[in-house]
Amino acid sequence: MKGVAALKDLKTWLARKAAAPRHSHDDVPTEPTGYQQTASRLHSFNRYEIKYLLDEFRVAELRSELEARMGSDPFSPRGGYPVTSLYYDTADLRFYWEKIEGLRFRRKLRMRLYGQPADCTDQTPVQVEIKQRVNRVTQKRRIELPYGDALQWLDAREALECHRSQKGFVDEVTTLVGNLDLRPIVTTGYLREAFVGRDADLGLRVTIDHQVHGRDRDFHFASGATNRFIIPPKLAVVEIKANERVPYWVTDLAALIDMSVVRVSKYCQSVQAFGMAPRSRDGAPELVTAPAGNSMTAT
């Protein structure tokens, strides 16, 4: 009798599975192109992140090892694609200080552009994202929308029309912006190379960020304003991101080519670079920011 019951249960389970809706990347309502495809499909996820600093002279060695073991993001050209982020915070930098003080739960709000800032128009797709930390886990939630709509929502405080599946996130952002009176604080930008895990390393992602820079004014992405390096350009920021655990070969590789683990936040580096807050005692000594004269044109 037990065998008959088990068979009946199995048939019921198979029937339910066959009738259940199938989820795939095609369920994402937006259709970005190029390297935006990879970014926009990561709508909501949890992961562990480890950051390293690496001398640019050794990037080629790291890249060669990663290419041998990982897949290259098909939309990530050699040398990287541009990423620009605009960070929102309170007048007294609440999100900044939450990071500096190492709160177990903290979050920040940003608008992110994938692509050349100079080409950004009101119709260009951008990501509005909440990035939060819960103990050691990084969580991200985001939606994609036209740049002009994002500005009207976050800066002009106009209501954003959205699909019902996005309403919870949109309401959360609207409440954060209104209750905390969030405003643009700084930008960060860099060129990013991305590698993705394959086979046993699915869920692994490694990024290499070059020429990390930012500014504290003229926040329109296409303003053409001058940026300042917020991390010395001789250093690349390497981020290892994994859903569950970082493979041993990755940490062994990091040790082999002398990558230094660092607690660095690009947002905090930008805030500190422009004198909005004193430098953190936890900051790496090698991250002394460039003097005011060491600047670069927006890229």
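Of the residues in region 226-267, how many are among the aromatic types (Phe, Trp, Tyr) and surrounded by fewer than 15 Cβ atoms within 10 Å (Cβ to Cβ)?
Step one: of region 226-267, the residues among the aromatic types (Phe, Trp, Tyr) are 229, 248-249, 267.
Retained after the next criterion (residues that are surrounded by fewer than 15 Cβ atoms within 10 Å (Cβ to Cβ)): 248-249.
Summing the residues that are among the aromatic types (Phe, Trp, Tyr) and surrounded by fewer than 15 Cβ atoms within 10 Å (Cβ to Cβ) in region 226-267 gives 2.
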Some residue of region 36-46 being modelled with pLDDT of 70 or more and part of a strand (DSSP E or B): no
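Of all residues being under 17 Å from residue 87 (Cβ atoms) and without any contact (Cβ under 8 Å) to a residue 40 or more places away in the chain in region 104-125, which is farthest from the chain's Cα centre (by Cα)? Just the residue, please.
Step one: of region 104-125, the residues under 17 Å from residue 87 (Cβ atoms) are 106-114, 117, 120.
Next cut, without any contact (Cβ under 8 Å) to a residue 40 or more places away in the chain only: 106-107.
On the way: 106: 15, 107: 13 Å.
Once the filter is applied, the top-ranked residue is 106.
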Selection count where residues are in contact (Cβ under 8 Å) with a residue 60 or more places away in the chain, part of a helix (DSSP H, G or I) and closer than 25 Å to residue 171 by Cβ, scope region 88-103: 4
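Yes or no, residue by residue, for (1) in contact (Cβ under 8 Å) with a residue 24 or more places away in the chain; (2) out of contact with any strand residue (DSSP E or B) (no Cβ under 8 Å at 6 or more places or on another chain); (3) on the phi > 0 side of the Ramachandran plot:
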position: 205; (1), (2), (3): yes, no, no
position: 222; (1), (2), (3): yes, yes, no
position: 233; (1), (2), (3): yes, no, no
position: 238; (1), (2), (3): yes, no, no
position: 244; (1), (2), (3): yes, no, no
position: 252; (1), (2), (3): no, yes, no
position: 255; (1), (2), (3): no, yes, no
position: 259; (1), (2), (3): yes, no, no
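Residue 255 - would you say it is at pLDDT 65 or above, within 19 Å of residue 84 (Cα to Cα) and over 19 Å from the mean Cα position of the chain (by Cα)?
No.
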Subset of region 121-140 [buried (at least 19 other Cβ atoms within 10 Å of the Cβ) and touching a helix residue (DSSP H, G or I) at 6+ places or on another chain (Cβ under 7 Å)]: 124, 125, 126, 127, 128
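Residues 229, 274, 195, 221: which one is among the aromatic types (Phe, Trp, Tyr), at pLDDT 90 or above and out of contact with any helix residue (DSSP H, G or I) (no Cβ under 9 Å at 6 or more places or on another chain)?
Values: 229 fails: out of contact with any helix residue (DSSP H, G or I) (no Cβ under 9 Å at 6 or more places or on another chain); 195 fails: out of contact with any helix residue (DSSP H, G or I) (no Cβ under 9 Å at 6 or more places or on another chain); 221 fails: out of contact with any helix residue (DSSP H, G or I) (no Cβ under 9 Å at 6 or more places or on another chain).
Result: 274 is the single residue among 229, 274, 195, 221 that is among the aromatic types (Phe, Trp, Tyr), at pLDDT 90 or above and out of contact with any helix residue (DSSP H, G or I) (no Cβ under 9 Å at 6 or more places or on another chain).
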Pairs, first touching a residue at least 60 places away in the same chain (Cβ under 8 Å) and part of a loop (DSSP other than H, G, I, E, B) in region 50-71, second charged (D, E, K, R) and exposed (fewer than 14 other Cβ atoms within 10 Å of the Cβ), C-beta under 8 Å, six or more apart: 70/198
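The values are calculated or read from the model by the stated rules, or taken from the named source; none is laboratory data. In this text the structure is predicted, and so the values were computed from the model without any measurement. Cβ atoms come from the backbone with ideal geometry, glycine included; neighbour counts cover every protein chain shown.
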